Each structure stands twice: as C-alpha cells, then as structure tokens.
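Here's the structure, in structure tokens; my notes come after.
The values are calculated or read from the model by the stated rules, or taken from the named source; none is laboratory data. Please read these numbers as outputs of a predicted model, since none were measured by experiment. Note that we place each Cβ from the backbone using ideal geometry, even for glycine, and neighbour counts take in every protein chain shown.
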Amino acid sequence: MSITRAPNRINRRRFAGRLVFVLGGSSSGKSEAAIRLAGRKRPRAFVATGQELDGEMAARIAHHRATRSPDWTTAEVPVELAGWFKRQGNTYRTIVVDCVTLWLSNLHGRKDNHVAITKRVTELLRAIRTISARVVIVSNELGLGLVPVERSMRAFRDLAGRVNQQIATEADEVHLVVSGIPLQLK
C-alpha cells in the first residue's frame, strides 16, 4: 500500500491574514459569494485578472463592477499577481482576487509553460502569506464537466485542476459554490 502525502504547505509567518479559496462553475455565484466571504473590513481591494478583449468580456466586467459597493478599490492585474501583493498587499485589510482561471489563461496566452505557472502560483501564495489582509481567491472548477475533445483544452483543464489543488492545500478555508450556495469544504 502506498501512502499519499499532502503537498508541502508554504512556510507561514505569523500574520493575522487569512486565505479563503472560492471555487465554482461558470455563473455559479462564486464572485458574489467571495464578496460576502471577504467581509467588510476596509480598505478593500478587488484584484481583477480579466481583460476586456471583446464586447462580451467588457459586459461581464461591467456587471461585476456594478455588483460591488463603491468603497472597493479595483486593481486590474492580468498577469503579475505576486508583484501586486508584494507592492500593494499591505495597503488593504480585505482583498478579493477574481479569478485564477482567467489569470491562468493570460499566462497560457503568454506561452508560460506549466512548470513556470506552478512556480508563479507558489510565488503568489508566498506573497499572500506575508500580509495581514483577509484574501479571498476565486477560481472556476473545470473538472466537473465534460472532457474536452481538444488536447490543448484538456491540458488547460488539467493545469487549472492542479493549480486549484495547490491553492486549496494552502488555504485556511475552501468553499464550493453551487447554484449561488456556498458549501464550506475546509
């Protein structure tokens, strides 16, 4: 019998911060749940990884902006999340990052390979663990649907699954949102 070991957790310094991970399918209500789970401590930042590459994405981004109260500072950070946390993270008491899947897509579009992306995730988690803010990270759960026909899409789905596992391992709380209802898994 083989024993499966949990991945190593990042060395945590004793900061007051908390990492919350919110997963869900497309249009499951995960972003709204993340805003609720983030709490009300100010100042607050919403770190958006999506880019207005077409009209449909522009409409989605506008909808998300409209659902947040005006006391949220919005930072558009499509690629350099760890750098943003290192420079700006201590400015805020509450931070929502929405979403990991779009961030991965942006990295994939830059031709970052899977090893480089995994290193970026580790760097991001380390940067988050050095601040005292409550950080809520949103991601799509892509593993519950059909297996994509295209090899590149299967590889992306697998990468997203591995990254989600990496973040969930490090997170203090993990929530899965189904039909607008968050279920706490951890």
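Look through ALA66, ALA58 and report the one residue that is surrounded by 11 or more Cβ atoms within 10 Å (Cβ to Cβ), over 24 Å from ARG129 (Cβ atoms), modelled with pLDDT under 85 and small (Gly, Ala, Ser).
On the way: ALA66 fails: surrounded by 11 or more Cβ atoms within 10 Å (Cβ to Cβ).
Selected residue: ALA58, the only one of ALA66, ALA58 that is surrounded by 11 or more Cβ atoms within 10 Å (Cβ to Cβ), over 24 Å from ARG129 (Cβ atoms), modelled with pLDDT under 85 and small (Gly, Ala, Ser).
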Practice problem: Could you list all residues from segment 85-101 that are under 30 Å from ASP158 (Cβ atoms) and either free of Cβ contacts under 8 Å to residues at least 12 places away in the same chain or crowded, with 19+ Cβ neighbours inside 10 Å (or both)? | Solution: PHE85, GLY89, ILE95, VAL96, VAL97, ASP98, CYS99, VAL100, THR101
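Within segment 23-98, which helices (runs of 4 or more DSSP H) (wholly inside it) include 1 or more residues that are touching a helix residue (DSSP H, G or I) at 6+ places or on another chain (Cβ under 9 Å) and basic (Lys, Arg)? Walk me through how you get there before you give the answer.
Details: elements: 30-38, 55-67, 81-88.
It comes to 81-88.
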Quiz item: Of everything in segment 69-82 that's touching a residue at least 24 places away in the same chain (Cβ under 8 Å) and over 13 Å from the mean Cα position of the chain (by Cα), which residue is surrounded by the fewest Cβ atoms within 10 Å (Cβ to Cβ)?
Solution: ASP71
Quiz item: Within segment 94-123, how many residues turn out to be touching a strand residue (DSSP E or B) at 6+ places or on another chain (Cβ under 9 Å) and farther than 13 Å from VAL47 by Cα?
Solution: 2
Exercise. Count, please, the residues in segment 168-186 that happen to be assigned to a strand (DSSP E or B) and among the acidic types (Asp, Glu).
Key: 1
Exercise. Look at segment 168-182 and say how many of its residues are surrounded by fewer than 21 Cβ atoms within 10 Å (Cβ to Cβ) and within 12 Å of the chain's Cα centre (by Cα).
Key: 2
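Of LEU185, LEU142, which residue is more than 19 Å from ASN106 (Cβ to Cβ) and either touching a Ser or Thr at 6+ places or on another chain (Cβ under 6 Å) or surrounded by fewer than 21 Cβ atoms within 10 Å (Cβ to Cβ) (or both)?
Values: LEU142 fails: more than 19 Å from ASN106 (Cβ to Cβ).
Among LEU185, LEU142, only LEU185 is more than 19 Å from ASN106 (Cβ to Cβ) and either touching a Ser or Thr at 6+ places or on another chain (Cβ under 6 Å) or surrounded by fewer than 21 Cβ atoms within 10 Å (Cβ to Cβ) (or both).
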Quiz item: Just wondering, is there one or more residues in segment 103-118 that are of a type in the set (D, E, K, R), surrounded by fewer than 15 Cβ atoms within 10 Å (Cβ to Cβ) and either at pLDDT below 95 or over 15 Å from ARG18 (Cα atoms) (or both)?
Solution: yes
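Can you tell me which residue within segment 42-55, out of those that are surrounded by fewer than 15 Cβ atoms within 10 Å (Cβ to Cβ) and modelled with pLDDT under 95, is nearest to the chain's Cα centre (by Cα)?
Just the residues of segment 42-55 that are surrounded by fewer than 15 Cβ atoms within 10 Å (Cβ to Cβ), to begin with: 42-43, 52-55.
After this cut, where a residue has to be modelled with pLDDT under 95 as well, the list is 52-55.
Values: GLU52: 18, LEU53: 20, ASP54: 22, GLY55: 23 Å.
Among those residues, the one meeting the criterion is GLU52.
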Practice problem: Just name the residue that is farthest from VAL97 (Cα to Cα) out of those in segment 119-141 that are touching a helix residue (DSSP H, G or I) at 6+ places or on another chain (Cβ under 7 Å), in contact (Cβ under 8 Å) with a residue 40 or more places away in the chain and part of a helix (DSSP H, G or I). | Solution: GLU123
